[in-house]
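The values are calculated or read from the model by the stated rules, or taken from the named source; none is laboratory data. The model shown is predicted, which means the values in this text are computed figures rather than measured ones. Cβ atoms come from the backbone with ideal geometry, glycine included; neighbour counts cover every protein chain shown. The accessibility values were calculated without ligands, DNA or RNA, using every heavy atom of the protein model including side chains. Shrake-Rupley method; radii C 1.70, N 1.55, O 1.52, S 1.80 Å.
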Amino acid sequence: MARIDRRIVRPDRLDLDSPGRRDYWVALEHDSIWGDHLIPLTVMVGPQARDGRGLVAFGANHGNEYEGPMALKALIREIDPAAVVGRVILVPVLNPSAFKSGTRESMADDGVNLTRAFVDGAGTTPMLAGITHRIAAFVRECIWPRVHVVIDLHSGGPGYRLAKCSSFHPLDDTEQTRTIEETARWFGTPFVLTYQNQTPGLLPSEAERLGKITVGTELGCGAAVDIDGVRYGRQGVLAALIRHGLVRGTIAPIAHHADGTQRRAEIVSRACFTVAPFTGHYQPLLECGTPVEAGQVVGLLHDFERIDEEPWPVRAGVTGVVVAQGYAARTPQGTHVLVVGNEVPWASR
């Protein structure tokens, strides 16, 4: 592919509607220097694009999760614009502030977590006018009106080891649930996870409330790059584009989707979460993805200031499968050091 020529534009100069391909750096004014935060965005619009219809895929919502950015960077070069039928928007790095510092939040600027920034007044009121809330406003104003499918690619960062999964929230709309689940299965991950929706300001929660086909992921951990995680991310986005009629082509299932070993788990009940009662160092005893019984010891939490005491047994709160557990050894008090998911049936069967 020829060298990509990216134009630097303010959001009001973006063209997300005219036929063809355009590559941008979207410029949002910097909070503390005479400059801009630059968000890479590629848009491809085909001849059958319709108002309010299209797909957006985001990477680096958190700045220390790298499988998503790498999968989307590859797709920017791989997708043939001639095969694009509808509207495709790819944003490999949604939060450049956090990405540059390699942190979950935008620590070099306003210290805000973008996945908690989709709140009332984000980017429009003085108390919520930092770069992270203005990114949320940009997504709301420029992206949401043009898409009906939203992919938000995450991984565990430095904090958690996880069973790789695609994910979504419990929804009242059964048809939306069925379509989201089917889209999520095409990533090929071992698990499709339904998770609690109690946290305010989540990007996926807002997209779901707007009726969009919304899929998140957890594709790796440790602020490293997982080989399978990048493969799952690329597969899931490409499959969504093809199967939702936005890009011409065919695609075959991969991995756990292909061989029938993919499972659905749910972490909605508080009983799924085991909370660290003190700050200590976590020692896992079982791998993520392992089936466990309620009460089974999955790990040990050590207190090295009381070195002669027995470690605290970290027990499964429910019968199911280990979905997530601490990755970094040091575990602050109150951390959900272990998460066990209930296995549940597929909605689409």
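Taking first residues from the stretch 63-84 that are open to solvent by 70 Å² or more (accessible area, probe 1.4 Å) and partners that are at pLDDT 95 or above and not acidic (Asp, Glu), the Cβ contacts under 7 Å between residues at least 6 apart in sequence or on separate chains come to MET70/VAL225; MET70/VAL230; LYS73/PRO92. Scanning the stretch 257-297 for residues that are open to solvent by less than 40 Å² (accessible area, probe 1.4 Å), over 30 Å from TRP186 (Cα atoms) and free of Cβ contacts under 8 Å to residues at least 60 places away in the same chain yields GLY280, TYR282, GLY295. Applying the set (1) under 16 Å from ILE4 (Cα atoms); (2) touching a Leu at 6+ places or on another chain (Cβ under 7 Å); (3) of a type outside the set (Gly, Ala, Ser) to PRO96 leaves exactly one unmet item: (1).
Taking the criterion of being touching a Ser or Thr at 6+ places or on another chain (Cβ under 8 Å), part of a loop (DSSP other than H, G, I, E, B) and under 11 Å from GLY334 (Cβ atoms), the residues of the stretch 273-297 that qualify are ALA276, THR279. As a summary of the residue check, ASP228 satisfies the conditions (1) under 24 Å from GLY86 (Cα atoms); (2) touching a helix residue (DSSP H, G or I) at 6+ places or on another chain (Cβ under 8 Å) except for the one numbered (1). A single member of ALA57, ALA27 is part of a strand (DSSP E or B), closer than 25 Å to LEU202 by Cβ and open to solvent by less than 70 Å² (accessible area, probe 1.4 Å), and it is ALA57.
Note on the stretch 132-143: among residues that are open to solvent by less than 30 Å² (accessible area, probe 1.4 Å) and in contact (Cβ under 8 Å) with a residue 60 or more places away in the chain, the one that is farthest from the chain's Cα centre (by Cα) is CYS142.
If only residues of the stretch 98-131 that are assigned to a helix (DSSP H, G or I) and over 19 Å from ALA223 (Cβ atoms) are counted, the one that is least open to solvent (accessible area, probe 1.4 Å) is ILE131. Contact map, the stretch 320-349: first residue part of a loop (DSSP other than H, G, I, E, B), second residue β-branched (Val, Ile, Thr), Cβ cut-off under 6 Å, separation 6 or more or different chains; pairs are PRO332/THR279; GLN333/THR279; ALA347/THR177. The sole residue among GLY216, GLY249 that is closer than 21 Å to ALA163 by Cα, outside any helix (DSSP H, G or I) and touching a helix residue (DSSP H, G or I) at 6+ places or on another chain (Cβ under 7 Å) is GLY216. Based on this model, can you work out whether TRP312 counts as more than 22 Å from PHE168 (Cα to Cα), surrounded by 13 or more Cβ atoms within 10 Å (Cβ to Cβ) and in contact with a strand residue (DSSP E or B) (Cβ under 7 Å, 6 or more places away or on another chain)? Yes.
Exactly one residue out of VAL321, VAL339 is open to solvent by less than 60 Å² (accessible area, probe 1.4 Å) and out of contact with any Pro (no Cβ under 6 Å at 6 or more places or on another chain), and it is VAL339. Please tell me if GLY220 is over 20 Å from ALA60 (Cβ atoms), open to solvent by less than 50 Å² (accessible area, probe 1.4 Å), in contact with an Asp or Glu (Cβ under 8 Å, 6 or more places away or on another chain) and not aromatic (Phe, Trp, Tyr). No; evaluated as a whole, the condition is false for this residue.
Do we have GLU208 as among the acidic types (Asp, Glu), under 20 Å from HIS336 (Cα atoms) and in contact (Cβ under 8 Å) with a residue 24 or more places away in the chain here? Please lay out each step first, then the result.
Working: among the acidic types (Asp, Glu): yes; under 20 Å from HIS336 (Cα atoms): no; in contact (Cβ under 8 Å) with a residue 24 or more places away in the chain: yes.
Taking the combined requirement at face value, the residue does not satisfy it.
Here GLY52 does not fit the description of being in a loop (DSSP other than H, G, I, E, B) and within 21 Å of THR199 (Cα to Cα).
Find the strands (runs of 3 or more DSSP E) located wholly in the stretch 144-213 whose residues include 1 or more that are open to solvent by less than 20 Å² (accessible area, probe 1.4 Å), and list them.
149-152, 165-168, 191-195
Could you please find all residues in the stretch 1-24 being in a loop (DSSP other than H, G, I, E, B) and either out of contact with any helix residue (DSSP H, G or I) (no Cβ under 7 Å at 6 or more places or on another chain) or of a type outside the set (A, V, I, L, M) (or both)? Matches in the stretch 1-24: ALA2, ARG3, ILE4, ASP5, ARG6, ARG10, ASP15, ASP17, SER18, PRO19. Number of residues in the stretch 235-256 that are among the β-branched types (Val, Ile, Thr) and surrounded by fewer than 19 Cβ atoms within 10 Å (Cβ to Cβ): the value is 3.
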